[in-house]
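What follows is a set of notes on a single structure, which appears directly below.
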Amino acid sequence: MSYAKEVLNHLIKRNPGEPEFHQAASEVLESLAPVVDNDPIYQRNAILERMVEPDRVILFRVPWMDDEGHIRVNKGYRVQFNDAIGPYKGGLRFHPTVNLGILKFLGFEQVFKNSLTGLPIGGGKGGSDFDPKGKSDKEVMSFCQSFMTELYRYIGKDMDVPAGDIGVGGREIGYLFGQYKRITRLYEGVLTGKGLPYGGSLARTEATGYGLAYLMEEMLKTVKGESLAGKRVVVSGSGNVAIYANEKATQLGAKVVAMCDSNGWIYDEDGVDLKTIKRIKEVERKRIKEYVNEHPKAEYHEDGSIWDVPCDIALPCATQNELNASHARTLIKNGVIAVGEGANMPTTTEATQIFQNAGVLFAPGKAANAGGVATSALEMSQNSMRLNWTFEEVDQKLKQIMVNIFHNTADTAKQYGHEGDYVMGANIAGFMKVANAMLAQGMV
Ligand code: NDP
Ligand code: 2IT
């Protein structure tokens with residue numbers, strides 16, 4: 001049996017009840033087979049066995065008080081996956097579905113994604129099953145302070161630098177930073193995605209979505225001699241990644257005709273009006289169905305799927321496994337030419353294969369959504385230098401990083417005889433740097 005397959009079988013047996021982690025690891029290990037099965041150095045040094053086991057997992061109780069004065073308890077986690085090439089780096093997710101398996105999948109993906117950025121950041125992820133939806137600011141603050149009261153011991157600017165993810169945006173990062181500083185008395189870049197007055201980087205808010213659009217533009221240009229201009233785009237989600245993917249795609253001349261939240265989806269043939277979406281989602285924290293109150297020509301649906309909407313480009317930017325095989329077939333029937341994963345693993349394994357077999361350009365999350373964490377690393381650099389770059393400087397660096405990621409991914413796929421398979425290209429390119437660092441650093 002191949003080395004990669006052996007490690008995968010063992011992993012599935014030893015980590016029961018973690019389907020998302022199995023899925024992420026299967027995809028990576030299968031695409032690494034041509035590398036690790038052809039050079040015994042990886043097996044001799046147990047590189048894969050070490051890569052699929054997090055360096056450590058921190059699990060803790062988070063007690064907090066709700067507005068009625070009741071004490072509530074959630075689970076808090078930090079999965080420090082791999083620090084071979086830099087301090088652990090990756091977001092915190094606050095969502096009721098969060099569990100260890102999901103955070104291990106996210107942490108594992110993060111290791112390869114962060115490597116692909118070309119910047120010195122290791123991989124980690126954390127979060128809680130706390131649901132910020134419907135909570136008051138005071139309750140969110142109470143939760144964040146309690147969460148950080150435990151987490152602070154395990155993080156630091158050169159050790160582990162969390163950021164946002166689903167359910168964690170500027171408000172939560174602010175409360176977490178305040179509590180870290182209060183406990184440690186250190187004013188340091190221990191979190192990214194901070195507000196601009198206290199060490200945040202310009203363009204970090206926009207970075208994941210903008211980066212996704214930059215990568216799609218480069219892919220379309222390189223492979224098809226085309227661009228986003230004039231394309232019909234569907235963007236799922238209406239959070240941080242979705243909003244700024246829409247904004248940049250629109251600036252590049254595309255028309256985004258549909259967006260969604262976990263309750264339903266909107267369709268606007270005139271192009272979704274982002275000003276309205278930003279107000280509803282970022283300011284009022286309401287549901288996307290409010291959109292049609294102001295745009296009566298638009299439609300709101302809770303049945304069917306956003307992926308039924310015909311488009312040239314599909315950008316899944318909500319959550320894992322939101323786009324399945326049947327959605328993929330519908331999109332292909334409707335003429336989709338490219339798919340870019342703004343979210344982490346939004347496309348099921350089967351759907352990914354369907355796209356690839358149909359010749360649809362498929363940009364995997366590790367490459368396509370790496371602009372967020374890359375800009376987080378730029379925030380860390382600015383914090384260390386105690387300097388701030390302008391929006392244009394950060395945006396320019398982000399764009400260059402995304403162009404580099406695309407070409408590194410495409411060149412690697414080609415080098416291993418799978419031209420156009422960007423899943424394989426991203427996995428192998430991400431792996432090589434981490435594996436070489438691990439080999440150099442010995443048995444740790
Ligand atoms: P947000 O919390 O800002 O937004 C999440 C969006 O996805 C919301 O619109 C939410 O709807 C929707 N959503 C969540 N779960 C579901 C579901 N089950 N079905 C349909 N819609 C759903 O998160 P982000 O935009 O930050 O993150 C989105 C994705 O991008 C995640 O996969 C994240 O891991 C990934 N990512 C984020 C990065 C970042 O910098 N923020 C960087 C790289 C990747 P609702 O409001 O109803 O819950
Ligand atoms: O999935 C991701 O890359 C993120 N949520 C961003 C992580 C970060 O550290 O900016």
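The values are calculated or read from the model by the stated rules, or taken from the named source; none is laboratory data. Here the structure is a predicted model, which is why all the values come from computation and not from measurement. All Cβ positions, glycine included, derive from the backbone under ideal geometry; neighbour counts span all protein chains shown. Heavy atoms of the whole protein, side chains included, go into the accessibility calculation; ligands, DNA and RNA do not. Shrake-Rupley method; radii C 1.70, N 1.55, O 1.52, S 1.80 Å.
Structure notes:
- Among the conditions (1) among the hydrophobic types (A, V, I, L, M, F, W, C); (2) within 17 Å of residue 307 (Cα to Cα); (3) under 17 Å from the mean Cα position of the chain (by Cα), the only one that residue 361 does not satisfy is (3).
- Some residue of the stretch 296-311 being more than 15 Å from ligand 1 (Cβ to nearest atom), at positive phi, in a loop (DSSP other than H, G, I, E, B) and open to solvent by less than 50 Å² (accessible area, probe 1.4 Å): no
- Qualifying position, being at pLDDT 95 or above, over 24 Å from residue 346 (Cβ atoms) and assigned to a helix (DSSP H, G or I), among 50, 72, 61: 50
- Restricting the stretch 161-196 to residues that are surrounded by fewer than 24 Cβ atoms within 10 Å (Cβ to Cβ) and among the charged types (D, E, K, R), the residue that is nearest to residue 282 (Cα to Cα): 171
- Among the residues of the stretch 1-45, those that are part of a helix (DSSP H, G or I), of a type outside the set (D, E, K, R) and open to solvent by 50 Å² or more (accessible area, probe 1.4 Å) comprise 9, 10, 12, 19, 41, 43.
- The lone exception for residue 232 - which of (1) more than 16 Å from ligand 1 (Cβ to nearest atom); (2) in contact (Cβ under 8 Å) with a residue 60 or more places away in the chain; (3) surrounded by 24 or more Cβ atoms within 10 Å (Cβ to Cβ) it fails: (3)
- Any chance residue 216 is in contact with a strand residue (DSSP E or B) (Cβ under 7 Å, 6 or more places away or on another chain), within 21 Å of residue 117 (Cβ to Cβ) and within 15 Å of ligand 1 (Cβ to nearest atom): yes
- Restricting the stretch 100-149 to residues that are out of contact with any strand residue (DSSP E or B) (no Cβ under 7 Å at 6 or more places or on another chain) and under 21 Å from residue 399 (Cα atoms) leaves a set whose member that is nearest to ligand 1 (Cβ to nearest atom) is 113.
- Filtered residue count, the stretch 360-393, keeping only those that are without any contact (Cβ under 8 Å) to a residue 60 or more places away in the chain and open to solvent by less than 50 Å² (accessible area, probe 1.4 Å): 2
- In the stretch 157-261, counting only strands (runs of 3 or more DSSP E) that sit wholly within it, the ones holding 3 or more residues that are within 14 Å of ligand 2 (Cβ to nearest atom), within 30 Å of residue 54 (Cα to Cα) and not polar (S, T, N, Q) span 160-163.
- Cβ-Cβ contacts under 8 Å between residues 6 or more apart (or on different chains), taken from a first residue in the stretch 188-206 that is over 22 Å from residue 238 (Cα atoms) to a second residue that is surrounded by 20 or more Cβ atoms within 10 Å (Cβ to Cβ) and at pLDDT below 95, are absent.
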